[in-house]
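Everything on this sheet refers to the single structure shown next.
The values are calculated or read from the model by the stated rules, or taken from the named source; none is laboratory data. For clarity, every value in this text was computed on a predicted model and none was experimentally measured. Don't worry about glycine lacking a Cβ; one is built from the backbone with ideal geometry, like all the others, and counts go over all protein chains shown.
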């Protein structure tokens with residue numbers, strides 16, 4: 001059984017103890033724990049290495065779970081999965097936490113070990129092992145697959161950005177696909193409109209604008225090549241995975257999904273080109289935005 005280190009952040013000592021006991025009962029891993037009573041005190045540890053999973057209470061005196069998660073994502077895009085613990089029952093508020101803060105799962109009180117085990121299984125399966133052939137950081141290998149595909153297929157070199165560039169008013173095109181098997185990842189490739197046009201034009205060998213009927217097919221093929229490259233990397237690490245057929249959506253279509261709390265990213269890697277932004281987001285688990 002693998003060993004995982006979890007942060008438990010809650011201003012209630014009883015609540016922390018309850019989470020520890022529930023995790024132990026799941027039998028999913030040999031858990032070790034570091035406890036904090038406040039998000040402010042926990043942030044430095046969360047930004048460091050050696051943390052595999054974070055449980056954080058939504059409401060705490062100095063820094064609650066939402067602000068904690070925003071600070072964590074701001075300084076560390078490739079962070080561990082975060083489970084928000086709450087007794088909140090207001091649906092709109094919970095949905096905004098999933099969408100805006102980027103939480104990987106919601107853990108509703110009162111806790112139930114059986115429900116926790118079922119919900120955590122795909123998330124824990126997607127956490128890379130620290131040693132051996134399972135050393136597969138989400139963002140690093142996804143980013144490598146994106147760079148290789150853009151360079152080889154489109155002759156476009158991507159420059160890695162340290163953080164997300166501000167979202168402009170222009171159109172955005174998204175390619176979506178999943179990997180399932182020994183890992184469960186949901187991936188979103190994002191391209192600013194001009195980048196999508198140039199990538200499709202170079203891929204297809206003739207000019208394609210956003211309203212061209214074959215642009216979606218070109219971006220889908222590019223997304224499929226990225227998925228195939230990522231699959232090969234995982235296979236070389238002795239991981240058996242299958243890739244889904246890609247889907248291509250406009251920004252308007254993606255917002256329709258986001259409003260329903262579906263996609264949330266645990267890892268995000270950003271790139272810049274002369275024409276605009278490219279990014280890849282990776283969500284761990286069978287169903288991002290999972291409620292446990």
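Can you tell me which of 47, 72, 53 is under 28 Å from residue 161 (Cβ atoms) and surrounded by fewer than 17 Cβ atoms within 10 Å (Cβ to Cβ)?
Working: 72 fails: surrounded by fewer than 17 Cβ atoms within 10 Å (Cβ to Cβ); 53 fails: surrounded by fewer than 17 Cβ atoms within 10 Å (Cβ to Cβ).
Criteria check complete, one pass: 47.
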Please determine whether any residue of region 201-209 is in contact with a strand residue (DSSP E or B) (Cβ under 8 Å, 6 or more places away or on another chain), within 18 Å of residue 276 (Cα to Cα), assigned to a helix (DSSP H, G or I) and in the same structural domain as residue 275 (by TED's automatic domain parsing).
no
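Looking for something over 19 Å from residue 120 (Cα atoms), touching a helix residue (DSSP H, G or I) at 6+ places or on another chain (Cβ under 8 Å) and at pLDDT 85 or above - is there at least one such residue anywhere in region 23-33?
Our first condition is that a residue be over 19 Å from residue 120 (Cα atoms); within region 23-33, this holds for none.
Checked region 23-33: no residue is over 19 Å from residue 120 (Cα atoms), touching a helix residue (DSSP H, G or I) at 6+ places or on another chain (Cβ under 8 Å) and at pLDDT 85 or above.
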Apart from one, (1) within 22 Å of residue 184 (Cβ to Cβ); (2) modelled with pLDDT under 85 all hold for residue 82; the odd one out is (2)
Some residue of region 36-43 being touching a helix residue (DSSP H, G or I) at 6+ places or on another chain (Cβ under 6 Å), part of a strand (DSSP E or B) and modelled with pLDDT of 85 or more
yes
Selection over region 1-22 where residues are closer than 17 Å to residue 123 by Cβ and assigned to a helix (DSSP H, G or I) yields a count of 2
Only one of 106, 189 is part of a strand (DSSP E or B), touching a helix residue (DSSP H, G or I) at 6+ places or on another chain (Cβ under 8 Å) and at pLDDT 85 or above, namely 189
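Take the residues in region 229-250 that are out of contact with any strand residue (DSSP E or B) (no Cβ under 6 Å at 6 or more places or on another chain) and not in a helix (DSSP H, G or I), then tell me which one is modelled with the highest pLDDT. Even if it seems obvious, please write down each step before you answer.
Filtering region 229-250 for residues out of contact with any strand residue (DSSP E or B) (no Cβ under 6 Å at 6 or more places or on another chain) gives 229-230, 232-233, 235-239, 245, 250.
Next, from what is left, pick out any that are not in a helix (DSSP H, G or I): 237-239, 245, 250.
On the way: 237: 70, 238: 70, 239: 73, 245: 84, 250: 68.
Going through the qualifying residues, I end up with 245.
Residues checked against (1) assigned to a loop (DSSP other than H, G, I, E, B); (2) surrounded by fewer than 16 Cβ atoms within 10 Å (Cβ to Cβ); (3) modelled with pLDDT of 75 or more; (4) outside the structural domain of residue 182 (by TED's automatic domain parsing):
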| site | (1), (2), (3), (4) |
| --- | --- |
| 218 | no, no, yes, no |
| 227 | no, no, yes, no |
| 252 | no, yes, no, no |
| 262 | yes, no, no, no |
| 272 | no, no, yes, no |
| 281 | no, no, yes, no |
| 286 | yes, no, no, no |
